[in-house]
Amino acid sequence: MARLQDQYKESIAPALKENFGYRNVNQIPRLTKIVVSMGVSRAVENKAAVEAAAKDLTRITGQKAVIKKAVKSVANFRLREGMPIGCVTTLRGERMYEFMDRLISVVLPRIRDFQGIKSNFDGRGNFSLGLTEQSIFPEIELDRIEFPQGMNITFVNTATNDAEGRALLDGFGMPFRRKREQD
């Protein structure tokens, strides 16, 4: 079992139950999936860019990335229906906890001048995070990067509001940016 999964069962879930006064164990928020996606803008000119991004995303997550295709044609972007434009992977279970552990303990501290993550919740407790480059992941070899590519990471959970979602992610050790106290 993953380290964060054990931590959730042993300390995070009981703390959430006590803090929010849940009466039923099923009310306690839990992480259901992590969705990692890359939108590849240069895929219109170069189809190999999507395949390179999918290869990098597969290496980062440990799970095969699915290449997504455009649903509609957009003339301004020279985009036709059916063209590959990005890739996505959905992590659940043990892989999800392993990825989250690597993200919190290894990847985020590697960001230059890192001062915490900006709180970006959707109103229902789900959290989204954007990274500008895939090179901060240790699985990616800097010499083999064909295209620098950013990604979006979304943490989907069963929380009903942002306070519960933030408390859940705080329990896992997500390094949120703290508001500065005035002197």
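Any residue that is of a type in the set (A, V, I, L, M, F, W, C), at pLDDT below 85 and either out of contact with any Phe, Trp or Tyr (no Cβ under 6 Å at 6 or more places or on another chain) or not in a helix (DSSP H, G or I) (or both) - is there at least one of those in segment 12-33? Within segment 12-33 (the criterion being of a type in the set (A, V, I, L, M, F, W, C), at pLDDT below 85 and either out of contact with any Phe, Trp or Tyr (no Cβ under 6 Å at 6 or more places or on another chain) or not in a helix (DSSP H, G or I) (or both)), the answer is no, since none of the residues qualifies. Looking only at residues of segment 57-102 that are in a loop (DSSP other than H, G, I, E, B) and crowded, with 17+ Cβ neighbours inside 10 Å, we find that the one that is modelled with the lowest pLDDT is Ala70.
Look at segment 50-76: where a residue is hydroxyl-bearing (Ser, Thr, Tyr) and a partner is at pLDDT 85 or above, sitting 6+ places away or on another chain with Cβ atoms under 7 Å, you get Thr58/Lys64; Thr58/Ala65; Thr61/Val36; Thr61/Thr89; Thr61/Leu91; Thr61/Phe99.
Against the list (1) loosely packed, with under 13 Cβ neighbours inside 10 Å; (2) over 14 Å from Thr32 (Cα atoms); (3) without any contact (Cβ under 8 Å) to a residue 40 or more places away in the chain, the condition Glu133 fails is (1). Candidates are the residues of segment 127-159 that are over 19 Å from Phe172 (Cα atoms) and aromatic (Phe, Trp, Tyr); the one that is nearest to the chain's Cα centre (by Cα) is Phe137.
Evaluation of Lys9 against the conditions (1) within 29 Å of Asp170 (Cβ to Cβ); (2) surrounded by 14 or more Cβ atoms within 10 Å (Cβ to Cβ); (3) within 22 Å of the chain's Cα centre (by Cα) shows that the sole unmet condition is (2). Taking segment 32-56 as the range and being of a type in the set (D, E, K, R) and either more than 16 Å from the chain's Cα centre (by Cα) or surrounded by fewer than 13 Cβ atoms within 10 Å (Cβ to Cβ) (or both) as the test, the residues that pass are Arg42, Glu45, Lys47, Glu51, Lys55.
The values are calculated or read from the model by the stated rules, or taken from the named source; none is laboratory data. What you see is a predicted model; the values in this text were computed from it and never measured. Note that we place each Cβ from the backbone using ideal geometry, even for glycine, and neighbour counts take in every protein chain shown.
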